[in-house]
1. Identify the residue in the range 986-1002 that is without any contact (Cβ under 8 Å) to a residue 40 or more places away in the chain, under 20 Å from F953 (Cβ atoms) and assigned to a helix (DSSP H, G or I) and, among all such residues, is most open to solvent (accessible area, probe 1.4 Å).
2. Assuming N964 fulfils every condition listed in (1) modelled with pLDDT under 85; (2) within 45 Å of the chain's Cα centre (by Cα) apart from one, which condition is it?
3. Go through the range 731-750 and give me each residue that's under 19 Å from D715 (Cβ atoms) and of a type in the set (V, I, T).
4. Give me the pairs: first residue in the range 277-289 and at positive phi and open to solvent by less than 20 Å² (accessible area, probe 1.4 Å), second residue among the small types (G, A, S) and not in a strand (DSSP E or B), beta-carbon distance under 6 Å, and six or more apart or on different chains, which are they?
5. How about the range 59-94: which of its residues are open to solvent by 20 Å² or more (accessible area, probe 1.4 Å), touching a Phe, Trp or Tyr at 6+ places or on another chain (Cβ under 7 Å) and part of a loop (DSSP other than H, G, I, E, B)?
6. I'd like to verify a number: residues in the range 304-341 that are under 17 Å from E277 (Cα atoms), assigned to a strand (DSSP E or B) and among the aliphatic types (A, V, I, L, M), how many?
7. Only one of G233, G216, G262 is at pLDDT below 90 and farther than 30 Å from F137 by Cα. Can you tell me which?
8. Taking the stated definitions as given, is V697 out of contact with any Phe, Trp or Tyr (no Cβ under 8 Å at 6 or more places or on another chain), without any contact (Cβ under 8 Å) to a residue 60 or more places away in the chain and open to solvent by less than 10 Å² (accessible area, probe 1.4 Å)?
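The values are calculated or read from the model by the stated rules, or taken from the named source; none is laboratory data. Keep in mind the model is a prediction, meaning the values are calculated, not measured. No Cβ is skipped: glycine too gets one built from the backbone with ideal geometry, and neighbour counts run over all protein chains shown. Ligands, DNA and RNA are stripped out before the accessible areas are found, and what is left, the full protein with its side chains, is counted by its heavy atoms. Shrake-Rupley method; radii C 1.70, N 1.55, O 1.52, S 1.80 Å.
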Amino acid sequence: MSSAAKVVDPAFQGVGQKPGIEIWRIENFQPVAVPKSDHGKFYMGDCYIVLQTTQSKGGSYLYDIHFWIGKDTSQDEAGTAAIKTVELDAALGGRAVQHRELQGHESDKFLSYFKPCIIPLEGGVASGFKTPEVEEFETRLYVCKGKRVVRMKQVPFARASLNHDDVFILDSEKKIFQFNGANSSIQERAKALEVVQFLKDKYHEGTCDVAIVDDGKLDTESDSGEFWVLFGGFAPIGKKVITDDDIVAERTPAKLYSIHEGGVTAVEGELSKGMLENNKCYLLDCGAEVFIWVGRSTQVEERKTVGKVAEDFIANENRPRSTRITRVIQGYETHAFKSNFGSWPAGSVAPGAEEGRGKVAALLKQQGVGLKGLGKSAPVNEEVPPLLEGGGKLEVWCINGSAKTPVPKEDIGKFYGGDCYIVLYTYHSGERKEDYYLCCWFGKNSIEADQQMATRLANTMSNSLKGRPVLGRIFQGKEPPQFIAIFQPMVVLKGGLSSGYKKYIEEKEVTDDTYTSDSVALFRVSGTSAHNSKTEQVDAVATSLNSTECFLLQSGSSLFTWHGNQSAFEQQQLAAKVAEFVKPGATLKHAKEGTENSIFWSALGGKQNYTSKKVSPENVREPHLFTVSLNKGDIICIFSLQYICLHSFFLHTMTLRDLTVLNKIFAFLEQVEEVFNFSQDDLLTEDVLVLDTRAEVFVWVGQSVDPKEKQSAFDIGQQYLEMAAALEGLSLNVPMYRVTEGNEPSFFTTYFSWDSTKATALGNSFQKKMALLFGIKHEDKSNGNQGGGATQRASALAALSSAFNSSSGKSSPRSQDRTNGSNQGPTQRASALAALNSAFSSSPTKSPSRGSSGSGQGQRAAAVAALSQVLTAEKKGPNGTPTQSPSAETKTPAGEGKSENAAFEVDQGSEEAAAEGKEIDDTGSASGSNAGGDSEPKTESEQDYADIGQVVFSYDQLKARSENPVTGIDFKRREAYLSPEEFESIFGMDKEAFYKQPKWKQDMQKKKVDLF
């Protein structure tokens, strides 16, 4: 074998021929295939090459090659991995995207292949350690970061490793603990639960216990107490210490460098595609990411050296280790790369899969590169998309001014191009009671006012159905299969009937070509199945004909069907059905292409040439899922770097406003990310996501999203469409849907491996995951992003623990001084009590539910009162007389009075906080048990008014429209602050009877007396 043929390693022969992952480990500087059973195992002392092959809907294969470098690997091994990656790319035709992955700084795309996480193992080939044989279980502590992919890192098993900002997993022999930092996000907590399940199954044979510990929660009788015992007892935890691993490179304006003989030279001028020469390599520095662009005419040996150039560049620029390196080849640039160029031509796309593969293969073959196994793409299989269940109720309204007019049943299916319509289809799917498909249809000649009115009325209808319907926006000519299928048949006519359209053509002095039953009209009949069969009125001229389709020609009382020689039998059947729908009872005359009579041609204005070309289907591609960033009411949608330059290829005409918009997008870029290898688990209830299938765009809205943000779903979708249209050529008229969590239709869920159990689970992301994985209902009261109060409470609890522990246990001279006037213990406990009161009173957020909120307030009030009694008892001597320290006796009367009332003021403030019914976000105990254990558990409503305490206000103050309104109360429970006498006078019953009524009846009665 010639030396040239050895450029590609034999280990890479025949790879990439089917979708999936293939992995090689570098052993003695050679790639060795890793068996599937070991996929996901990465040793810190080794380097790996990972090939991800995906098949597009067009049938071609797409490749991503990642070379992973362990933190303990040698420089030589890392260099070998980079070189072998280039050889693997050559074996695939030289069109893969290459990624460098450093341990601890892996990309989201890489981690998405190994869900829920990867846990790097100690050792490697060089150390002779190949199979981990753990004889003795070792307790390990991990920190988990990430809401969709998890970055796991083992940290020292010590209290000092914990902080309030992250989620930690403590893997002990008999129990796995998850510690939720007070400031950690709900989504990170939920994702960490998947890791807990993974550890339980992999290392504990699925038999160990699982416990959740919330930061700031101290209960010695629960899992929390057991957790802290492992750390030597409860004590305050410190603030998060920023390390090199936490430093993220900042995004900077792109700068281009040419690569020559191992060095880089800056390329001056405004970035444009024309700067890139196909026989050179370039480095594009974007700050957080460095791209290597490889010209198609470059040699394989030259390509092997550019990775080292990028690494040297990062080192010389003192960039963080997290800086990504991505290599792309000419013709196969990612959108993230192209978006940095101000003049990248619109519509400049990669060559076809087979064309590009063949050209690159031919070039590499000339260079002596072996290309065995470079196979063809798989054939494309036509798929019938999921359709809505039949037998439903179909209603259609036409927009006319500010009202919607019902379309008569016999005309449902007829749409005028100058009008707008609202379509509501009610159907049953699965076990759900009713589902709704609600859409606005906009004719291509409809006026903007009608479109806006249709949108407004459809939103109102959706809200009246509690937001359950799938709400769609559909433009003429872009109707999706689900829409077409509910109309059998669907016919689009010229002109319009609405007053808005009539007024428009009158003002513009345009001829009214609205269809009438006695006019000359030509209809094109398209499609062969229920989901793609549509009829549209076209210009009544011969040039409108096409040999691949069927047509209907209406001329006065005559009605012809015309069958093109290449038309399908199904089209011919549909033409007859449409004829009966458009003109019931009319005599139908058949005309096959080539047999037309003079009457037929005369109606079309004479015979002319027409086409016989079949309309090419639109390009298909894999669906992509994106998260959306919302900031203070302003909807900022960024869907990865490729979408930054909304007008990037029009920079020479860019206005100041355009630049302002681009700068604003840059500012929020790091908050948004594409979700790679997405699944249903990525649909987090607190988020808004965009699913782009090319054929349609879905805006998915979680149930826990703010109501105002829910209403902005179409604004989000529109911004996405504008960006995708600018860069990818996506039509602005593509169908767009708003889908709410729990009401996903089949044509949305088809892009996921859907589990209806997950879709109907209740609670936030963490609570849902707890219930699904472990069957546990966890009252996760902490807000996650607003954990300041919880952090404060954690410190207060530590102070209390220290205060009471300091005076417990065996007697000592210091402890005996408590009864001899030193008063050190009570003073310390008073300070702790004050800290506790301050912590509980300062919680800024509301509890998830009224019931849990009221219970927590009652417990806190009781705890504060009990602590106050302890202090009061300690202030008295054995005979119940107050005791004072010597220092207190020397104070002035004014100071003495203040000292005597200090504890009372703290206690009173705490009781008032609870009595006023302030809803407090508490990470403390979620226990709902009674303190005494003898009384019957109270209902939610009974608990609500019981927690109000003795605070009473007059009816005049409590009314919603009071002239002298009360402040500092729970305004959802105004009635609870009435005195028993006034309550009974107003409602005609006592509080106990009132709260035993159904909630809806309580609300009605409160509305009547202005207490709602």
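1. In this case the residue turns out to be I986.
2. Going through the list (1) modelled with pLDDT under 85; (2) within 45 Å of the chain's Cα centre (by Cα), N964 breaks only (2).
3. V734, V739, T740 - these are the residues of the range 731-750 that are under 19 Å from D715 (Cβ atoms) and of a type in the set (V, I, T).
4. Short answer, once both residue conditions are applied: G287/A249.
5. Once the filter is applied, which keeps residues that are open to solvent by 20 Å² or more (accessible area, probe 1.4 Å), touching a Phe, Trp or Tyr at 6+ places or on another chain (Cβ under 7 Å) and part of a loop (DSSP other than H, G, I, E, B), the range 59-94 yields nothing.
6. Residues flagged as under 17 Å from E277 (Cα atoms), assigned to a strand (DSSP E or B) and among the aliphatic types (A, V, I, L, M) within the range 304-341 amount to 2.
7. Working: G233 fails: farther than 30 Å from F137 by Cα; G216 fails: farther than 30 Å from F137 by Cα.
Only one candidate passes the filter, namely G262.
8. Against the criterion (out of contact with any Phe, Trp or Tyr (no Cβ under 8 Å at 6 or more places or on another chain), without any contact (Cβ under 8 Å) to a residue 60 or more places away in the chain and open to solvent by less than 10 Å² (accessible area, probe 1.4 Å)), V697 does not qualify.
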